[in-house]
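The values are calculated or read from the model by the stated rules, or taken from the named source; none is laboratory data. Bear in mind the structure is a predicted one, so any value in this text is a computation, not a measurement. Ligands, DNA and RNA are excluded from the accessible area calculation, which covers all protein heavy atoms including side chains. Shrake-Rupley method; radii C 1.70, N 1.55, O 1.52, S 1.80 Å.
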Amino acid sequence: MRPFLILGALLLCFSMTLGCGTVGKDFDMEQAQTIQNGKTTREDIALMFGEPYKVGVQNSHPIWIYEQSGWQAIGDSSSKSLIVEFDDNGVVRSHSIMSNEPDL
């Protein structure tokens, strides 16, 4: 009977560690708040945050997306994202910062 208890405990611990994870690319929220529309450039963004996690097009303009999401079997999940839209000259046209953390 004892081997089954040990095996059960090990399986429980193993399944708990598999119940968490992170996806995306982390970024500094404080630094994201320094971005200025019409002033910050694509090169500035690359220096601040590195390569984006995703790239795309929005309203016919290139966008870079930085986001990170984490989850766990027990407790709250976390997510934050930064979406930066550039104009045709590579200057930030608009940006948005989102998070499920209360102190944004």
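List of remarks:
- All strands (runs of 3 or more DSSP E) inside the chain with 1 or more residues being modelled with pLDDT under 70 and not hydroxyl-bearing (Ser, Thr, Tyr): 20-24, 61-72
- Set Val91, Val84, Val57: member being of a type outside the set (Asp, Glu) and open to solvent by 90 Å² or more (accessible area, probe 1.4 Å): Val57
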